[in-house]
Amino acid sequence: MTAGPRAAPTAQRRSMLVMHRVTTVSELRSELDQARAGGSSVGLVPTMGYLHEGHLSLASAAARECDVVVMTIFLNPLQFAPEEDLDSYPRDPEGDAGKAGSAGVSILFSPTASEMYPNGRDAVMTGVEVAGLSSVMEGVARRTHFGGVCTVVAKLFNIVGPCRAYFGEKDYQQLAIVRRMATDLSFPVEVVGCPIVRESDGLAMSSRNVYLTAEERSVAPVLRRALHLGAAAIRTGTTDADEVRTLMRSEIQAAALGDLDYVEVADPRTLAPLRVAGDQARLFVAVRFGRARLIDNVAVDQVEPTGPFPLLAP
Ligand code: AMP
């Protein structure tokens with residue numbers, strides 16, 4: 001299960017070039033056992049479906065680096081609080097299958113909740129928590145979220161046995177938490193972070209963008225703009241992290257639409273809030289627009305210190 005060299009497709013990979021769909025754990029395990037026995041490396045891309053270019057960039061990265069790519073589509077009830085959007089989350093199983101196949105996915109695994117939680121979601125007794133990293137930012141707004149994420153990702157690691165698993169920097173805190181979980185629990189998997197894919201006006205792609213009204217959608221790129229302003233300030237010499245937070249907060253509040261949840265200037269590894277900001281910092285923001293709660297982040301050293309604010313994705 002350890003990551004091997006990135007080689008040309010094996011016979012198993014070639015035989016899996018036509019994507020197939022699997023819904024049971026036993027069928028998935030038996031297919032992957034055969035693939036591994038034939039020497040294939042397995043990559044995992046966990047998603048909740050309603051696929052967009054962000055998800056597909058993860059699948060493409062996996063297809064470049066692994067012989068067999070398993071994409072999972074599972075709306076994990078454990079990671080949604082009762083008042084959240086589990087029931088209304090957008091779904092498009094047939095559209096997703098077409099997109100996943102074109103992006104190089106070999107096996108699309110979409111289990112039911114009872115397949116993943118045979119005793120029922122309310123009877124789950126075992127969970128995985130990553131302390132510390134889960135208690136800031138998204139963990140404050142969504143207290144049970146990361147416990148649900150870690151539990152399902154641990155189950156997927158055990159079911160799929162991937163040598164690499166692909167996660168987006170869009171959910172940077174989730175990526176940091178899953179990385180830490182893999183290290184702490186000795187999962188033999190390399191957790192690979194992939195860059196954020198954006199719309200042409202800078203809005204980070206998200207399945208939940210579909211909740212935005214036309215007016216909200218036109219204002220939503222303010223998240224990226226605020227992050228850029230903050231990063232550019234640090235790049236041009238501002239070191240007081242509170243000053244950077246104020247700058248980002250003012251930019252979002254000036255948009256006069258959307259409720260700011262948080263802005264943060266944090267250490268990219270520990271996610272701890274910084275007092276002194278520098279090029280290594282990562283900036284985070286969360287804003288609620290009606291039904292949609294949007295999050296975004298940027299690495300300060302990815303932002304050019306001078307020049308006009310770039311509207312287009314880098
Ligand atoms: P989700 O279906 O929202 O749970 O996302 C599944 C995976 O896709 C997660 O690892 C996300 O971080 C990643 N992802 C979602 N949106 C983007 C994006 N715009 N760019 C890159 N990765 C993304």
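The values are calculated or read from the model by the stated rules, or taken from the named source; none is laboratory data. The structure displayed is predicted, hence computed values, not measured ones. Note: ideal-geometry Cβ built from the backbone for every residue, glycine included; neighbour counts use all protein chains shown. Only protein heavy atoms, including side chains, enter the accessible area calculation; ligands, DNA and RNA are left aside. Shrake-Rupley method; radii C 1.70, N 1.55, O 1.52, S 1.80 Å.
In this simple spin-label approximation, residue 184 and residue 158 carry label points 7 Å from Cα along the Cα→Cβ vector, and these lie 1.7 nm apart. Among beta bridges from DSSP that stay inside the chain, the antiparallel ones total about 50%. Angle of helix 241-254 to the longest C-alpha principal axis of the chain, folded into 0 to 90 degrees and rounded to 10: 90°. Of the peptides 295-302, 40-47, 87-94, the order by per-residue mean of other Cβ atoms within 10 Å, starting with the highest, comes out as 40-47, 295-302, 87-94. Compared with the dominant principal axis of the Cα atoms in the chain, helix 145-160 is inclined by about 30°.
Remark: region 188-228 carries a charge dipole of roughly 80 debye about the Cα centre, counting +1 on each Lys and Arg Cβ and -1 on each Asp and Glu Cβ.
Note: relative contact order over the chain, using C-alpha pairs below 8 Å and six or more positions apart, is 17 percent.
Taking a ≥ b ≥ c as the square roots of the eigenvalues of the alpha-carbon gyration tensor, region 163-314 is classed oblate because a/c is 1.5 or more while a/b is no larger than b/c. Solvent-accessible area of the chain (1.4 angstrom probe, protein heavy atoms only): carbon and sulfur portion equals 52 percent. Counting 0.36 nm for each residue step from residue 123 to residue 20 and taking away their Cα separation leaves a gain of 34.0 nm. Once both labels are positioned 7 Å from their Cα atoms along Cα-to-Cβ, the gap between residue 243 and residue 135 label points is 3.1 nm. The packing ranking of peptides 280-290, 196-206, highest mean first, is 280-290, 196-206, where packing means the average number of other beta carbon atoms within 10 angstrom of each residue.
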